[in-house]
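This report refers to the structure that appears directly beneath it.
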Amino acid sequence: MSTLATDIKSVADKTDQLLQDYFSKQKQKNDLYDAMAYGLFAGGKKIRSFLTVSAFDLFNLKEKDALVIAAAIECVHSYSLIHDDLPAMDNDDLRRGKESTHKKFGESTAILAGNSLLTIAFEILTSSYLDVDKSIKSDLVFALSSCSGHLGIAGGQFFDLSFEGKPQTQQAVIDMQNKKTGELMGFCVESAAIVAKQHSDRAELKKIGLDIGLLFQIADDLLDEYGDQNKLGKPSKQDNQKGKATLLSTLGLETTNALAKDLLNKIKNSLKKYGSKADRLVSSAEYILKRDH
């Protein structure tokens with residue numbers, strides 16, 4: 001395992017440990033709690049957690065605070081995946097090589113599990129686990145809630161479904177993917193500036209996160225079309241079958257690859273001013289584009 005892969009796994013393990021500790025204090029003996037845990041502790045690389053910790057390097061901030069914010073982000077991300085898989089949404093039966101939450105626990109329980117994970121994210125941010133000023137917590141809650149609703153993840157999913165089977169412009173697809181994937185990754189990077197009270201850096205860092213999110217989505221679309229479904233943990237070539245609007249279907253392979261390369265260079269150039277403190281964030285972007293699952 002490479003040094004970067006080891007680092008990513010270490011952050012994922014620490015985030016899981018924090019979440020397990022938090023959830024152990026809320027233990028309930030029912031299917032709703034089990035469905036929440038099932039969706040949340042489903043494996044995965046937790047790239048968003050690693051982005052958050054890496055962004056905290058820019059201002060020499062404490063990793064333990066980054067991990068609390070990462071835990072909240074993972075709750076929001078898991079909520080979105082549980083809901084995305086529902087029959088009324090993308091209708092996916094598999095997630096990371098196992099049954100989707102609604103297949104294992106039923107649709108109603110999956111909906112409630114997703115709703116509960118979304119609200120727990122904000123509990124975590126306002127809890128004693130995060131040792132920062134109340135004003136910083138308020139800014140974090142506002143920023144995370146803004147990228148979770150109709151202006152972010154939920155809005156992106158709405159357009160993703162609305163666009164199915166309909167040709168779209170490049171900009172329309174980018175706007176949709178920025179909401180669906182980019183906004184949360186934008187928050188991952190922006191959160192470091194919020195905690196550091198570096199307000200002049202917030203907009204730029206959020207934009208870097210949005211670009212990383214778009215890079216992530218391009219890699220996801222390429223993996224769906226050309227990846228190994230055994231590594232993906234779910235069937236491949238689903239976007240085509242469902243008529244999804246992607247940059248790959250809109251622009252073709254060559255132009256999409258060129259766009260991804262330009263995005264990566266743009267991210268690197270934007271981070272140059274932070275010097276070596278941006279090394280992990282740059283490595284994250286490179287890893288996202290090269291990953292095979």
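Scanning residues 5 or more positions from Ser148 or on other chains, those with amide H under 5 Å from its amide H are Ile153, with H placed 1.01 Å from N in the peptide plane.
Rg and Dmax over the alpha-carbon atoms of region 118-182 stand at 15.5, 48 Å.
Under the criterion of Cα pairs below 8 Å and six or more residues apart, the relative contact order for the chain equals 19 percent. Ranked from largest, the principal axis spans of the Cα set of region 76-128 equal 37, 21, 17 Å. Taking θ as phi - 60° and the Karplus parameters 6.51, -1.76 and 1.60, the scalar couplings of region 103-120 work out to 6, 7, 10, x, 5, 4, 5, 5, 4, 5, 5, x, 4, 5, 5, 4, 6, 5 Hz in sequence order, x denoting glycine and proline.
Full extension of the chain between Ser127 and Gln241 yields a length gain of 36.7 nm, computed as 0.36 nm times the residue separation minus the alpha carbon distance. Largest GNM mean-square fluctuation among Ile212, Ile69, Ile174, using the chain with Cα springs under 10 Å: Ile174.
Which net charge results when you count Lys and Arg as +1 and Asp and Glu as -1 among the other residues whose beta-carbon is under 15 Å from that of Asp31? Walk me through the intermediate numbers first.
Numbers: positive: Lys27, Lys29, Lys103, Lys104; negative: Asp34, Glu99, Glu107.
Local charge sum for Asp31: +1.
Remark: region 86-93, residue by residue, has Karplus-estimated 3J(HN,Hα) of 4, x, 6, 10, 8, 6, 9, 8 Hz, where x stands for each Gly or Pro and the curve is 6.51 cos²θ - 1.76 cosθ + 1.60 at θ = phi - 60°. Net charge dipole, region 3-290: roughly 500 debye, given to the nearest 20, about the Cα centre with Cβ charges of +1 for Lys and Arg and -1 for Asp and Glu. Net charge in the neighbourhood of Asp221 (other residues with Cβ under 9 Å of its Cβ; Lys, Arg +1, Asp, Glu -1) is -3. Work out from phi, with θ = phi - 60° and the Karplus expression 6.51 cos²θ - 1.76 cosθ + 1.60, the ³J(HN,Hα) of each residue of region 214-224, listed in order in whole Hz, and give x for Gly and Pro. Once θ is set to phi - 60°, the couplings for region 214-224 become 5, 4, 4, 5, 4, 4, 4, 5, 5, 5, 4 Hz. Distance distribution P(r), region 33-116, all Cα-Cα pairs, bin width 5 angstrom from 0: 3, 16, 25, 20, 13, 10, 8, 4, 2 percent. Other residues whose C-beta falls under 12 angstrom from the C-beta of Ala12 contribute a net charge of +1, scoring Lys and Arg +1 and Asp and Glu -1. Which of Asn240, Asn178, Asn230 ends up with the largest GNM mean-square fluctuation for the chain, with Cα atoms connected below 10 Å? Largest GNM mean-square fluctuation: Asn230. Two decimals is fine: what is log10 I(q)/I(0) at q = 0.16, 0.18, 0.19 Å⁻¹ for region 119-230, from a Debye sum with one equal scatterer on every Cα and no solvent? Listed by q, the Debye log ratios stand at -0.79, -0.93, -0.99. In square nanometres, what is one fourth of the surface area of the convex hull spanned by the alpha carbons of the chain? With every direction weighted equally, the projected area is 14.1 nm².
Quick note: the coordinates plus some simple rules give every number you see, no bench work behind them. Please read these numbers as outputs of a predicted model, since none were measured by experiment. Counting neighbours? That spans all protein chains shown, and the Cβs are built from the backbone with ideal geometry, glycine included.
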